[in-house]
Amino acid sequence: MTQTIAVLPGDGIGPEIIAAAIKVLEALQKSFGLNVQVEQGLVGGAAIDATGYPLPPETLDLAKKADAVLLGAVGGPKWEPLPIARRPEKGLLGLRSELELFANLRPALLFSELANASTLKPEVVAGLDILIVRELTGGIYFGQPRGMRTLDNGEKQGFNTLVYSESEIERIARVAFDSAEKRDKRLCSVDKANVLEATEFWRDVVTRVSQDYPDVQLTHMYVDNAAMQLVRAPKQFDVIVTTNMFGDILSDLASQLTGSIGMLPSASLDAHNKGMYEPIHGSAPDIAGLNCANPLATILSVAMMLRYSLNQGELATAVENAVSQVLRDGLRTPDIQEEGQTAVGTREMGDAVVAALV
Ligand code: NAD
């Protein structure tokens, strides 16, 4: 049966990195028997320019009907003057909430060839393999009420609401425990239970759910300490589960442990493993159009899509092996380039991964 992939390139470097990922998909179709149909749609600033909306109804429809969604990145200075509700990022948040993609899986895996590309000492990061499970459709990014107001004394105020219901915490905790069971069976739940009631409740619910997973060792850590520990001794972690905002910040931090934000893929899953796959980085307007963005995070997102949504684990491994191979061959985009190495462009890196597929 042909499966459909909705491909949404978005803005900035989005179209460049997606072009490299599409070449990988085409190679898998041509030579590895992958039976998929790729349909492209507009999202973010590109969609605003064409239709006035960051998430046009036809794009949402395409994403809902597809078996999986592959997204580049959205946003850029051009659309920053727009009100928040009409900015490109609303397209992304809209997709996450409309598709009920509540579980964001962000592996931070260090390819051994890149141990020197991290700003941390190689011995601190060598062998790093962390999975950050971030709650994606709740918490302070979606909580109501939110907005700007003027108080009685005339002072202006901005406000947001951090709110988590029991079912929201329980379902993300189960995804994290299930993931830990398949790995090193250690789960660290990150919160700020000493200050925020919503995350004190988070801790209570995660602790209750842990009774169903006796073989997984659960620990709790405050987010400020977690940030410090990720830089001090990141290998102490196996799986981390945390709220939407804490996960947003900690996963960007973790990306730097692996050398570059351009290396990290992500999967955002619903309750039935339908997912949206995207690199964790943004649209990088500073390098857009220069053919120097690293496409590997996007290509590794394709691997996650093959594994989690398309049930093609062997092809996922083939893609990951091809990425390892090009790194072993010494190919580097500028973000992971070390002294003495020549950098290649986005297109060349993508073509090399295709050539390395076996
Ligand atoms: P960013 O991730 O776009 O860029 C941060 C830095 O990392 C930049 O120096 C950039 O050049 C570099 N970088 C990012 N991806 C890279 C890659 N593949 N290869 C090489 N270098 C790479 O974050 P930002 O600058 O804070 O945000 C830029 C825009 O992206 C903003 O409009 C923001 O809202 C948006 N954004 C979108 C997403 C998304 O679509 N998922 C995520 C984060 C930010």
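The values are calculated or read from the model by the stated rules, or taken from the named source; none is laboratory data. Bear in mind the structure is a predicted one, so any value in this text is a computation, not a measurement. Using ideal geometry, Cβ is built from the backbone for each residue, glycine included, and neighbour counts are taken over all protein chains shown.
Residue-by-condition table, conditions (1) in the same structural domain as residue 229 (by TED's automatic domain parsing); (2) crowded, with 18+ Cβ neighbours inside 10 Å; (3) part of a loop (DSSP other than H, G, I, E, B):
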| site | (1), (2), (3) |
| --- | --- |
| 299 | no, yes, no |
| 314 | no, no, no |
| 321 | no, no, no |
| 338 | no, no, yes |
| 341 | no, no, yes |
| 349 | no, yes, no |
| 354 | no, yes, no |
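Report, by residue number, each residue of the range 286-318 that is touching a strand residue (DSSP E or B) at 6+ places or on another chain (Cβ under 6 Å) and within 14 Å of the ligand (Cβ to nearest atom). The answer is 297, 298, 300, 301. Restricting 171, 183 to residues that are charged (D, E, K, R), in the same structural domain as residue 199 (by TED's automatic domain parsing) and in a helix (DSSP H, G or I) narrows the list to 171. If you go through the range 264-284 one residue at a time, do you hit one that is in a loop (DSSP other than H, G, I, E, B), farther than 30 Å from residue 34 by Cα and not assigned by TED's automatic domain parsing to the domain that holds residue 200? Yes - at least one qualifying residue is present in the range 264-284.
Does residue 247 fit the bill of being on the phi > 0 side of the Ramachandran plot and either of a type outside the set (Ser, Thr, Tyr) or in contact with a helix residue (DSSP H, G or I) (Cβ under 8 Å, 6 or more places away or on another chain) (or both)?
Values: on the phi > 0 side of the Ramachandran plot: no; either of a type outside the set (Ser, Thr, Tyr) or in contact with a helix residue (DSSP H, G or I) (Cβ under 8 Å, 6 or more places away or on another chain) (or both): yes.
Considered against the rule, which asks whether it is on the phi > 0 side of the Ramachandran plot and either of a type outside the set (Ser, Thr, Tyr) or in contact with a helix residue (DSSP H, G or I) (Cβ under 8 Å, 6 or more places away or on another chain) (or both), residue 247 comes out as no.
Would you confirm, using the coordinates I've provided, whether residue 51 is at pLDDT 95 or above, among the hydroxyl-bearing types (Ser, Thr, Tyr) and over 18 Å from the mean Cα position of the chain (by Cα)? Steps first, please.
Numbers: at pLDDT 95 or above: yes; among the hydroxyl-bearing types (Ser, Thr, Tyr): yes; over 18 Å from the mean Cα position of the chain (by Cα): yes.
So residue 51 fits the description; yes.
Any residue in the range 71-78 that is surrounded by fewer than 20 Cβ atoms within 10 Å (Cβ to Cβ) and within 12 Å of the ligand (Cβ to nearest atom)? Checked against the condition, which is being surrounded by fewer than 20 Cβ atoms within 10 Å (Cβ to Cβ) and within 12 Å of the ligand (Cβ to nearest atom), the range 71-78 yields at least one hit.
Among the residues of the range 124-151, which ones are among the aliphatic types (A, V, I, L, M), touching a residue at least 24 places away in the same chain (Cβ under 8 Å) and not in a strand (DSSP E or B)? I'd like the intermediate steps shown before the answer.
If we filter the range 124-151 for residues that are among the aliphatic types (A, V, I, L, M), which is where we start, we get 124-126, 128, 130-133, 136, 140, 148, 151.
If we keep only those that are touching a residue at least 24 places away in the same chain (Cβ under 8 Å) too, we end up with 124-125, 128, 130-133, 136, 140.
Of everything in the range 124-151, those that are among the aliphatic types (A, V, I, L, M), touching a residue at least 24 places away in the same chain (Cβ under 8 Å) and not in a strand (DSSP E or B) turn out to be 124, 125, 128, 136, 140.
Residue check: residue 264 meets all listed conditions (1) at pLDDT below 95; (2) on the phi > 0 side of the Ramachandran plot but one, namely (2). Screening the range 80-92 for residues that are near the ligand (Cβ under 10 Å from one of its atoms) and surrounded by fewer than 20 Cβ atoms within 10 Å (Cβ to Cβ) and picking the one that is farthest from residue 248 (Cα to Cα) gives 80. Might you let me know whether the range 175-186 holds any residue that is within 30 Å of residue 11 (Cα to Cα) and of a type in the set (A, V, I, L, M, F, W, C)? No, because not a single residue in the range 175-186 is within 30 Å of residue 11 (Cα to Cα) and of a type in the set (A, V, I, L, M, F, W, C). So for the range 31-43 (the condition being in contact with a Gly (Cβ under 7 Å, 6 or more places away or on another chain), modelled with pLDDT of 95 or more and farther than 19 Å from residue 293 by Cα), does at least one residue qualify? Yes, the range 31-43 has at least one match. Consider the range 237-279 and keep the residues that are crowded, with 24+ Cβ neighbours inside 10 Å and of a type in the set (Val, Ile, Thr). The one that is nearest to the ligand (Cβ to nearest atom) is 258.
The number of residues in the range 202-231 that are in a loop (DSSP other than H, G, I, E, B) and either touching a strand residue (DSSP E or B) at 6+ places or on another chain (Cβ under 8 Å) or in contact (Cβ under 8 Å) with a residue 12 or more places away in the chain (or both) comes to 4. Give the range 100-123 a look and list any residue that's part of a helix (DSSP H, G or I) and free of Cβ contacts under 8 Å to residues at least 60 places away in the same chain, or say none. Of everything in the range 100-123, those that are part of a helix (DSSP H, G or I) and free of Cβ contacts under 8 Å to residues at least 60 places away in the same chain turn out to be 112, 122, 123. Of all positions in the range 82-89, none carries a residue that is in contact with a Phe, Trp or Tyr (Cβ under 7 Å, 6 or more places away or on another chain) and assigned to a strand (DSSP E or B).
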